[in-house]
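The values are calculated or read from the model by the stated rules, or taken from the named source; none is laboratory data. For clarity, every value in this text was computed on a predicted model and none was experimentally measured. Here the Cβ is made from the backbone with ideal geometry for all residues, glycine too, and neighbour counts use every protein chain on show. Keep in mind that these areas ignore ligands, DNA and RNA; they rest on the heavy atoms of the full protein, side chains included. Shrake-Rupley method; radii C 1.70, N 1.55, O 1.52, S 1.80 Å.
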Amino acid sequence: MQVSGALRFIILTEIVFPILLLTFGIYHGVMQVLYRAGIIKAESFLGIDYYQGLTLHGVINVIVFTTIFIVGFSNAIVMYTLKKPLREKVQWIALGMMVVGTLMAAWAMFTGRATVLYTFYPPLIAHWTFYLGAVLLVLGSLVPFFFDWIPSAIEWKRENPDQKLPLAVFGTFVNFILWTIMIIPVAVEILFQLLPLSLGWVDEINPLLARTLFWFFGHPVVYFWLLPAYVALYTILPKIVSEKGKLYSDAAARLAFILFLIFSLPVGLHHQFTDPGITNTWKLIHALFTFGVALPSMITAFTVAASLEYSVKAEHPELKNSKFYWWTFLPYMRLEGNKWMFSYFFAGLVLFFIGGITGIVNASYNVNLAVHNTAYVPGHFHTTVGGLVLLVFFALALYMVSKLRGTDVKFKGLAVLAPYFWMQGMFMFSYAMMVGGILEGFPRRTNAGLTYLNPDSPLYRPEWVGYAQLSVVGGVLLGIGFILFFISLIGTLLAPKVRESTLEFPIADAYHDENIPVLNNLKTWTVAAIILAVLSYIPPLYDASVRGIFFNSPAYNEKFPMPLKQLQGAEKKEKKEISKAEKEVAKK
Ligand code: HAS
């Protein structure tokens with residue numbers, strides 16, 4: 001499909017700009033393992049302190065990179081599958097809002113005015129530009145959905161009344177419906193709590209309410225990152241495996257997307273099992289729904305494995321009766337055609353297998369108490385968003401840049417090795433974090449090199465040293481994996497053009513392609529999702545509103561995440577004790 005110069009520029013920007021930002025995000029990831037292991041024993045490095053770097057790492061990697069890239073990929077796949085060009089004006093507005101929003105938030109973070117981590121829990125408070133930037137970024141990402149893709153899909157439906165919406169568009173729409181709903185609670189938190197506090201219009205806000213509104217958004221958002229990868233797993237992966245590749249079942253894929261729409265929202269309390277003030281019953285109900293949201297991923301595991309088997313056997317009929325041997329025919333290290341992309345999908349799937357199991361551990365209410373706030377949690381999520389999601393996005397980025405620029409993928413050998421370095425690095429990193437977290441209570445979000453892993457500190461915990469050191473090896477391998485991918489991406493971007501620039505995707509047909517109307521009815525399922533989300537959140541939000549207000553709750557020192565009052569209190573106590581001791585000496 002031919003694409004106008006302006007649209008080509010917009011989509012390329014939406015792919016390359018977030019990856020350029022990701023270089024900072026990943027750099028700060030490597031810095032994290034160095035700080036935590038005590039290889040860097042300092043509060044800051046090159047003018048950026050530990051928590052500022054951790055904020056940059058989290059915000060860039062999972063908020064900025066994901067959002068802009070998802071809009072870019074969704075723009076491309078919707079345009080290609082509906083065969084309708086995008087509306088340029090709408091796209092310029094969306095891109096402008098996202099870029100301006102990102103620059104505002106980046107300014108606040110780089111200048112140390114927004115060291116609030118990606119969860120921005122109060123009482124950590126950022127400069128108002130951080131919050132307004134985030135709002136602009138998020139609103140900008142919705143503009144194409146409402147003002148471009150929906151009108152195009154309506155036109156398409158009018159022209160094709162008997163056909164179901166193409167699966168890639170269906171999955172993308174589920175994702176953006178979810179995105180629209182989940183943004184509402186976090187927008188309320190930002191506009192009515194954080195911004196007024198940051199601007200000094202109010203002195204106090206309710207932190208428990210803020211956390212509950214945040215997690216109303218904060219868990220569904222992980223599926224906003226995941227679903228574009230699932231769109232690619234269902235529609236693109238089988239064709240990468242073989243020319244005759246097919247998706248095993250279209251209905252199973254649609255069912256998975258609908259289950260995500262319903263179950264992604266009523267689950268946020270599984271991040272707040274240890275928060276006081278919210279009734280246990282509702283925490284348990286959210287825990288049960290969390291098991292529900294694992295179901296569509298289990299369906300996906302089966303459908304993807306069946307699609308891989310079908311696609312291999314379609315090309316190798318001699319393997320017809322093979323039960324497991326066909327796995328050896330997958331293109332793990334092949335360079336020809338689009339087969340190089342398989343390495344990214346495969347490494348991502350293997351990592352996600354671990355991410356899924358560990359997610360279910362997290363979700364189990366009582367077991368969660370053993371892992372919450374330990375390094376186990378980052379161990380889990382790096383194999384999900386930093387595993388399948390990131391690796392599939394890397395493959396799509398390289399692929400789309402080469403198509404849109406009309407160049408060949410450069411340094412393909414390095415490009416194929418990159419995901420295996422990444423996978424190996426992630427195995428080591430996540431193993432260290434998870435085992436250290438679950439068995440030894442190694443904490444997350446802590447500059448441990450200054451304290452727990454510092455032999456000169458009274459807090460020294462020698463049993464954590466080995467885990468921290470293993471995570472450094474993992475972190476370095478991850479860094480190498482990223483550099484290999486980046487070399488290939490920049491080479492492809494700057495290489496001389498060898499063909500017309502186009503936009504196309506290898507889209508697989510379905511082997512089982514039944515038309516089941518109930519699975520195509522997005523309106524009904526959207527209403528059901530909203531009702532379930534509202535019902536599951538009214539009681540916890542009520543609890544948080546009435547039980548979460550602690551007047552004069554203390555401010556925090558951002559360098560030591562400890563209430564100032566507690567620090568001051570400790571000082572006072574110390575002074576009292578000193579003066580008492582002095583008096584006793586004087587008496588004697
Ligand atoms: Fe999670 C915390 C529960 C999925 C991301 N999660 C986080 C945080 C992030 C995150 C960022 O219940 C940290 C937030 C923070 O900063 O505090 N998570 C789950 C559950 C799932 C899950 C039940 N998470 C994700 C995904 C993420 C993500 C996806 C990002 C994209 N998570 C939790 C909980 C917490 C949590 C608690 C809070 C913990 C705490 O205490 O703070 C499920 O959706 C997972 C279902 C997945 C599966 C896997 C299916 C397997 C597939 C691969 C098949 C492979 C094949 C190839 C076919 C059931 C599809 C062959 C492979 C071979 C191995 C041969």
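Quick one: in region 530-551, of everything that is among the aromatic types (Phe, Trp, Tyr) and modelled with pLDDT of 90 or more, which residue is surrounded by the fewest Cβ atoms within 10 Å (Cβ to Cβ)?
542
From the list 324, 329, pick out the single residue that is more than 10 Å from the ligand (Cβ to nearest atom), over 23 Å from residue 475 (Cα atoms) and in contact with a Leu (Cβ under 8 Å, 6 or more places away or on another chain).
Going through 324, 329 in turn, the sole match is 329.
For region 26-53, which residues satisfy the criterion of being among the small types (Gly, Ala, Ser), outside any helix (DSSP H, G or I) and touching a strand residue (DSSP E or B) at 6+ places or on another chain (Cβ under 9 Å)?
42 - this is the single residue of region 26-53 that is among the small types (Gly, Ala, Ser), outside any helix (DSSP H, G or I) and touching a strand residue (DSSP E or B) at 6+ places or on another chain (Cβ under 9 Å).
Among the residues of region 90-112, at least one is at positive phi, within 24 Å of the chain's Cα centre (by Cα) and either within 16 Å of the ligand (Cβ to nearest atom) or not in a helix (DSSP H, G or I) (or both).
Within region 1-15, the set of residues being out of contact with any Ser or Thr (no Cβ under 7 Å at 6 or more places or on another chain), touching a residue at least 60 places away in the same chain (Cβ under 8 Å) and open to solvent by 20 Å² or more (accessible area, probe 1.4 Å) comprises 4, 6, 12, 13.
The condition (being closer than 30 Å to residue 72 by Cα and of a type in the set (A, V, I, L, M, F, W, C)) is satisfied by just one residue among 194, 208: 194.
Give me the residue from region 316-348 that is over 16 Å from residue 421 (Cβ atoms) and among the polar types (S, T, N, Q) and, out of that set, most open to solvent (accessible area, probe 1.4 Å). Applying the filter and picking the extreme gives 321. Of the residues making up region 282-306, those that are closer than 16 Å to residue 229 by Cβ, within 6 Å of the ligand (Cβ to nearest atom) and polar (S, T, N, Q) are 297, 300.
For the criterion of being open to solvent by less than 20 Å² (accessible area, probe 1.4 Å), in contact (Cβ under 8 Å) with a residue 12 or more places away in the chain and more than 22 Å from residue 213 (Cβ to Cβ), residue 129 fails. Only one of the numbered conditions (1) of a type in the set (A, V, I, L, M); (2) within 13 Å of the ligand (Cβ to nearest atom); (3) open to solvent by 10 Å² or more (accessible area, probe 1.4 Å) is violated by residue 256, and that is (3).
So which residues in region 470-516 are of a type outside the set (A, V, I, L, M, F, W, C) and surrounded by fewer than 16 Cβ atoms within 10 Å (Cβ to Cβ), if there are any at all?
Correct list: 496, 497, 499, 500, 502, 504, 509, 512, 513, 514, 515.
Given the criteria surrounded by fewer than 18 Cβ atoms within 10 Å (Cβ to Cβ) and within 24 Å of residue 445 (Cα to Cα), does residue 370 qualify? Yes, satisfied.
Contact map, region 291-309: residues that are over 12 Å from residue 353 (Cβ atoms) and of a type in the set (Ser, Thr, Tyr) paired with residues that are more than 6 Å from the ligand (Cβ to nearest atom) and open to solvent by 40 Å² or more (accessible area, probe 1.4 Å), Cβ distance under 7 Å, separation 6+ or inter-chain. Pairs shown: 303/248; 307/246; 307/248. Considering only region 383-416, state which residues are under 19 Å from residue 487 (Cβ atoms), open to solvent by 20 Å² or more (accessible area, probe 1.4 Å) and out of contact with any Ser or Thr (no Cβ under 8 Å at 6 or more places or on another chain). 413 - this is the single residue of region 383-416 that is under 19 Å from residue 487 (Cβ atoms), open to solvent by 20 Å² or more (accessible area, probe 1.4 Å) and out of contact with any Ser or Thr (no Cβ under 8 Å at 6 or more places or on another chain).
Would you confirm, using the coordinates I've provided, whether residue 370 is assigned to a helix (DSSP H, G or I) and either within 9 Å of the ligand (Cβ to nearest atom) or in contact with a Leu (Cβ under 8 Å, 6 or more places away or on another chain) (or both)? No.
Among the residues of region 336-366, what is the count of those that are more than 9 Å from the ligand (Cβ to nearest atom), farther than 22 Å from residue 305 by Cβ and at pLDDT 95 or above? Even if it seems obvious, please write down each step before you answer.
As a first pass, look at region 336-366 and keep what is more than 9 Å from the ligand (Cβ to nearest atom): 336-344, 347, 366.
Within this subset, residues satisfying the condition of being farther than 22 Å from residue 305 by Cβ are 336-337, 366.
This time we only want the ones that are at pLDDT 95 or above, so: none.
Qualifying residue count for the region: 0.
Scanning region 30-55 for residues that are within 15 Å of the ligand (Cβ to nearest atom), of a type outside the set (S, T, N, Q) and open to solvent by less than 20 Å² (accessible area, probe 1.4 Å) yields no hits at all. For residue 314, state whether it is small (Gly, Ala, Ser), within 20 Å of residue 236 (Cα to Cα) and away from the ligand (no atom under 14 Å from the Cβ). Yes, satisfied.
In this entry, residue 384 is excluded by the filter for residues that are more than 8 Å from the ligand (Cβ to nearest atom) and among the β-branched types (Val, Ile, Thr).
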